[in-house]
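What follows is a set of notes on a single structure, which appears directly below.
Read-outs: derived from the displayed coordinates by stated rules, not from any lab. Predicted model, so just to flag it, every value in this text is computed and none were measured. Heads up, the Cβs are rebuilt from the backbone with ideal geometry, glycines too, and the neighbour counts pull from every protein chain shown.
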Amino acid sequence: MSRIENAFKNGKAFIVFLTGGDPSLEKSEEFILEAEKAGADLIEIGVPFSDPIAEGEVIQAANIRALTNGTTMHDLFELAWKVRQKSEIPLVFLTYLNPVHHYGYGKFFAKCNEVGVDGIIIPDLPFEEQRELKTEAEHYGVNLISLIAPTSKERIEKIAKEGKGFLYIVSSMGVTGVRSEIDTDISAIVNAAKAVSKTPCAVGFGINTPEQAAKFAAIADGVIVGSAIVRIIAEHGENASKHIYEYVKQMKEAITR
């Protein structure tokens, strides 16, 4: 059983996103381990990028902070390797296609395999154009995780059938960021995916309260929280660890009640 499969084997998974290198690589490592201690089941490490089209203001600002610090792809591989020396928590890169293409597909996924990165999410890679990259990823044992958006509709079954690791169900249209209300019919999307696939479904984009987390955990196999975590880091900087711990613990408890 892969590390990503393990994340979903003991009930609902709580997935934490943070931007690698914000406020520093050392602190990113600390925050990841703190989130795991609090109950996180899987970590998404955001690769800082200068034009993150799917991200709202909170994560855009984190990208700028990390890039200003000089964070590189090499640094993020080093971060993953350091975490892997201390933990078996599944690690997934969330990146745009440009950094992967620039690094070289084969070289990139070979490095993922070497340092213990289990999966990758690429928001600007259309499902229909995945073939070449997916072949390289699978060759090195890395799951290419597909996103299913509210607009996917007739494509849901096609995407779900080929899904690896987990299916990222996008809760809302637009960019990332906390939302007070999420009105998308997530049940219909999850049911359509589960009709053709056994790959776990995790819901993300906008979730930030225990009530929201519990609501969507009842529908899907996991919940993803990003902007709320990144906002804690923005507010508390190098002193964010205890705040991340408290928040993750509260959210994990909410989805496992």
(request) Pick out the one residue from Leu144, Leu133, Leu125 that is part of a helix (DSSP H, G or I) and touching a residue at least 24 places away in the same chain (Cβ under 8 Å). (result) Leu133
(message) Take Glu34 and tell me if it is in contact (Cβ under 8 Å) with a residue 24 or more places away in the chain and of a type in the set (Asp, Glu).
(response) yes
(message) On the basis of being over 16 Å from the mean Cα position of the chain (by Cα), touching a residue at least 40 places away in the same chain (Cβ under 8 Å) and surrounded by 17 or more Cβ atoms within 10 Å (Cβ to Cβ), does Ala234 make the cut?
(response) yes
(request) Please give the number of the condition Glu88 fails out of (1) among the acidic types (Asp, Glu); (2) over 24 Å from Lys107 (Cα atoms); (3) surrounded by fewer than 23 Cβ atoms within 10 Å (Cβ to Cβ); (4) touching a residue at least 60 places away in the same chain (Cβ under 8 Å). (result) (2)
